[in-house]
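Just below is one structure, and these are the notes that go with it.
Read-outs throughout are calculated quantities, based only on the coordinates presented, and are distinct from any laboratory measurement. No experiment lies behind these values; they were computed from the predicted model shown. Cβ coordinates were reconstructed from backbone atoms using ideal geometry, including for glycine residues, and neighbour counts include every protein chain displayed.
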There are 4 protein chains.
Amino acid sequence: MNATQHGYASDQKRIIARLNRIEGQVRGIRQMTENGEYCIDILTQISAADSALKSVALLLLDDHLHHCVAKAAAEGGTVADEKLAEVSAAIARLAK
Amino acid sequence: MNATQHGYASDQKRIIARLNRIEGQVRGIRQMTENGEYCIDILTQISAADSALKSVALLLLDDHLHHCVAKAAAEGGTVADEKLAEVSAAIARLAK
Amino acid sequence: MNATQHGYASDQKRIIARLNRIEGQVRGIRQMTENGEYCIDILTQISAADSALKSVALLLLDDHLHHCVAKAAAEGGTVADEKLAEVSAAIARLAK
Amino acid sequence: MNATQHGYASDQKRIIARLNRIEGQVRGIRQMTENGEYCIDILTQISAADSALKSVALLLLDDHLHHCVAKAAAEGGTVADEKLAEVSAAIARLAK
């Protein structure tokens with residue numbers, strides 16, 4: 001399987017770059033904690049990483065809807081039902 | 001337009017019943033505040049109403065995906081694109 | 001017990017007015033559902049009511065911190081520990 | 001400044017270990033994306049990392065309340081007001 005078979009091919013580079021940055025943010029948060037920095041400053045960075053992570057999820061979800069879900073819906077039947085149930089569960093986890 | 005043209009016809013009664021309950025919950029929260037009840041008890045009720053509201057949104061979203069979005073996706077073209085962009089924005093508001 | 005013994009006395013009117021509005025918003029959402037209005041329009045209203053509910057919670061929490069928690073913390077001992085554990089749990093429910 | 005002056009000294013190791021794990025989770029999500037894995041599987045991992053990040057924030061917040069905020073509240077005056085306003089803003093960012 002590769003990205004072209006999934007919806008995010010056109011955004012793959014952008015998503016990878018953002019995830020790289022988020023990995024760096026989390027590393028930075030760990031170093032702040034190791035250095036004993038002030039709680040609120042660490043919390044501020046966690047909220048920023050959390051928002052960045054959520055926006056990557058929304059981008060992936062948008063691609064998934066536009067490609068995998070749309071294709072399955074056009075096909076109809078159980079293929080569509082499975083894809084729709086799957087994406088609904090993913091949205092519920094995200095919106096929790 | 002009525003519910004049958006939208007996806008939630010089969011869940012309409014259930015959604016209305018839940019919204020009725022949430023309306024009652026919010027009224028109860030207001031009465032607790034008028035009676036000067038303890039902040040944490042009021043906050044607990046607000047979290048419960050918030051979860052109930054979010055679960056109604058997820059039910060509506062699931063119905064919308066299964067009907068309106070699936071139908072538009074099967075149609076394809078700009079109809080599908082508009083519906084997909086619209087539902088993506090609704091998901092982003094919910095997951096905010 | 002009344003509001004003056006809890007932290008939100010100075011905001012009580014404001015909180016009650018907002019809760020009144022949210023109650024009206026939820027009633028409006030129910031009527032939109034009864035009228036079979038479009039799913040996305042209903043979802044938009046739910047997100048608005050959800051945000052309004054969360055902002056009431058944050059106002060109450062702020063008052064609670066400034067009064068009940070601050071008072072208990074000044075007292076120290078188990079009174080403070082209980083209040084701090086209680087508010088931490090309320091925050092966790094809200095941030096869920 | 002070090003952790004003992006801030007509230008999370010007793011949890012510092014635990015928080016660092018969790019942040020290490022989350023950093024690994026984000027790296028894993030990036031590798032899944034590079035390998036073109038299925039969108040929903042990536043979304044599932046993002047939701048898991050998001051929850052892990054939020055629980056670190058709640059642990060830090062709990063420590064901060066129990067130590068920095070409680071100490072400032074006992075002191076009273078502007079020191080307390082600043083600390084309370086600061087933690088309220090951090091909670092709002094987290095609950096957004």
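With the label 7 angstrom out along Cα to Cβ, how close does B:GLY28 come to the same site in each of the other copies, in nm, nearest first?
Output for B:GLY28: 2.5, 4.0, 4.4 nm, nearest copy listed first.
For the protein assembly as shown, what is the mean residue ellipticity at 222 nm derived from helices alone (per DSSP H run of n ≥ 4: -39500 (n - 2.57); sum divided by total residues; nearest 500 deg cm²/dmol)? Provide the component values of the computation, followed by the final result.
Details: 16 runs with 296 residues, N = 384.
Counting only the DSSP helices, I get -26000 deg cm²/dmol.
If you put +1 on each Lys and Arg Cβ and -1 on each Asp and Glu Cβ, how big is the dipole of the protein assembly as shown around its Cα centre, in Debye rounded to 20? The partial results should precede the final answer.
Details: 44 positive and 48 negative charges, 0 e Å.
Dipole magnitude for the protein assembly as shown comes out near 0 debye.
Would you mind telling me which residue in C:GLU82, C:GLU23, C:GLU37 has the biggest mean-square fluctuation in a Gaussian network model of chain C, where springs connect alpha carbons within a distance under 10 angstrom?
C:GLU37
Set the bar at 23 Å for Cα to Cα. Now go through B:LYS13/C:LYS54; A:LYS71/B:LYS96; C:LYS54/D:LYS54 and name every pair that lies beyond it. Write out the running numbers ahead of the final one.
On the way: B:LYS13/C:LYS54 26 Å; A:LYS71/B:LYS96 27 Å; C:LYS54/D:LYS54 17 Å.
Exceeds cut-off: B:LYS13/C:LYS54; A:LYS71/B:LYS96.
Name the nearest-to-axis residue of chain D, judged by Cβ distance to the rotation axis taking chain D onto chain B, and quote that distance in whole Å.
That would be D:LYS96, 3, residue then distance in Å.
At 7 Å along the Cα-to-beta-carbon direction for both A:SER10 and C:GLU34, put a label point, then send me their distance in nm to one decimal.
It is 4.4 nm.
How far is A:ALA9 from itself in the other copies, in nm, if each label sits 7 Å out from Cα along the Cα-Cβ line, shortest first?
Result, one decimal in nm: 3.7, 5.8, 6.7.
Copy-to-copy spacing for B:GLY76, label 7 Å out on the Cα-to-C-beta vector, in nm, shortest first?
Result for B:GLY76, in nm, nearest copy first: 1.5, 7.5, 7.6.
Just from the alpha-carbon atoms, what are the Rg and Dmax of chain C in angstroms?
17.3, 56
Classify the protein assembly as shown: rounded, prolate or oblate, from the alpha-carbon gyration tensor (a ≥ b ≥ c, eigenvalue square roots; a/c under 1.5 rounded; otherwise prolate if a/b is larger than b/c)? Can you show the working numbers first?
Numbers: a/c = 3.14, a/b = 1.29, b/c = 2.44.
Judged from the Cα gyration tensor, the protein assembly as shown comes out oblate (a/c at least 1.5, b/c at or above a/b).
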